[in-house]
Each structure stands twice: as C-alpha cells, then as structure tokens.
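Colleague: Take this structure first; my questions come after.
The values are calculated or read from the model by the stated rules, or taken from the named source; none is laboratory data. Note that the structure is predicted; figures quoted are calculated from it, not measured. Reconstructed Cβ throughout: ideal geometry from the backbone, glycine too, with neighbour counts over all protein chains shown.
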Amino acid sequence: MKTLSDVAKAYKKAAGKAIYPGVSYNGYKTLSSKAFATGNLLSKFVTSPQNSPDKIGRENKLTNGVQYTFVLDIAPTGADYGTYVHYGTSKMKARPFAEIATEDSTFIKVFDEFIEDKVDDVVLDYVGTMDSKWKTAGFEVS
C-alpha cells in the first residue's frame, strides 16, 4: 500500500532525474532536459527543505472528496535561476523538469497504486453507508 509520502518521494526523484542527467524531451533541440552546467541546481533542489516529501505531497479535504496536490520548489535558495530553467526565457527554451517528472514511469506506477488504494477506500465507505441504510430500512444485507 503506497502512501502520499511514497508518491512525493517518487515525484522528487523523477524531477531530480529530469534535471540530471537529463531525460529525453522533444521540447528542445538537444532532446535532453539537462538543466545545468555546474550541478548547483540539482544539489540545491535535492537539499531544499521545501522539497521534503511531507511538503511536496498535500491532501486537501474538499466538500465532495479529496484533492491531492504535488508542489516542488523549482527555484530553491542558492539556485533561484531554477525558475528560468523550468519556464524558459526569451533566449532559452523551457526545461520543465517538474512536468517531465509526471511522465516518469516509476512515478506513474507509484501514483496509480496510491490512487487505487484511495478509490478502494472510498468505495468501501459508500458500500458501508449503503449497507447501514438498507439495514435501517429493514432489509437484510448479505
């Protein structure tokens, strides 16, 4: 059973992989997302306290369900230029490593396992509620 923390770890790892050593991405000429010359962006990205799993993955309870949000600090302290790398500039194409991470097969697998468990929980809650309503109405549920 995967947790939200497991999904956040997989997302962070996939984003780090997209920064270095670079992964195939058809958005630029080199077909690589290698996003640095010195390695500073990757090291600051990995060590940023904002990129800890408990801050990346967020569960928001809504009126009709739950929403999951995954947030990365793409411009950590000491590598503020990460925003320019991620979104691009007028002279450089974007290297959207946070978006590339969502296409990583390992991230997708962990995310799917997490969501399957959550869907099962929701279905079981509804079935339990229906059972109790049927019993209250005088029907026998088996």
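Colleague: Within segment 3-21, how many residues turn out to be of a type outside the set (S, T, N, Q) and surrounded by fewer than 22 Cβ atoms within 10 Å (Cβ to Cβ)?
Modeller: Within segment 3-21, residues that are of a type outside the set (S, T, N, Q) and surrounded by fewer than 22 Cβ atoms within 10 Å (Cβ to Cβ) number 8.
Colleague: In the list PHE97, PHE114, PHE70, PHE107, which residue meets the criterion of being among the hydrophobic types (A, V, I, L, M, F, W, C), surrounded by 11 or more Cβ atoms within 10 Å (Cβ to Cβ) and touching a Leu at 6+ places or on another chain (Cβ under 8 Å)?
Modeller: Result: PHE114 is the single residue among PHE97, PHE114, PHE70, PHE107 that is among the hydrophobic types (A, V, I, L, M, F, W, C), surrounded by 11 or more Cβ atoms within 10 Å (Cβ to Cβ) and touching a Leu at 6+ places or on another chain (Cβ under 8 Å).
Colleague: Looking only at segment 81-120, which residues are part of a loop (DSSP other than H, G, I, E, B) and under 21 Å from SER43 (Cα atoms)?
Modeller: TYR81, GLY88, ALA94, ARG95, PRO96, THR102, ASP104
Colleague: Further question on the same structure: Go through segment 1-39 residue by residue and tally those that are at pLDDT 80 or above, among the basic types (Lys, Arg) and out of contact with any Gly (no Cβ under 9 Å at 6 or more places or on another chain).
Modeller: Going through segment 1-39 one residue at a time, the tally reaches 4.
Colleague: Just a yes or no: is a residue in segment 62-74 part of a strand (DSSP E or B), modelled with pLDDT under 90 and out of contact with any strand residue (DSSP E or B) (no Cβ under 8 Å at 6 or more places or on another chain)?
Modeller: For segment 62-74, residues part of a strand (DSSP E or B), modelled with pLDDT under 90 and out of contact with any strand residue (DSSP E or B) (no Cβ under 8 Å at 6 or more places or on another chain): present.
Colleague: Pick from THR106, THR129, THR102: which is hydroxyl-bearing (Ser, Thr, Tyr) and either modelled with pLDDT under 90 or touching a Ser or Thr at 6+ places or on another chain (Cβ under 7 Å) (or both)?
Modeller: Result: THR129 is the single residue among THR106, THR129, THR102 that is hydroxyl-bearing (Ser, Thr, Tyr) and either modelled with pLDDT under 90 or touching a Ser or Thr at 6+ places or on another chain (Cβ under 7 Å) (or both).
Colleague: Next up: Give segment 44-73 a look and list any residue that's among the aliphatic types (A, V, I, L, M) and either more than 16 Å from GLY16 (Cβ to Cβ) or touching a residue at least 40 places away in the same chain (Cβ under 8 Å) (or both), or say none.
Modeller: Residues satisfying the conditions are ILE56, LEU62, VAL66, LEU72.
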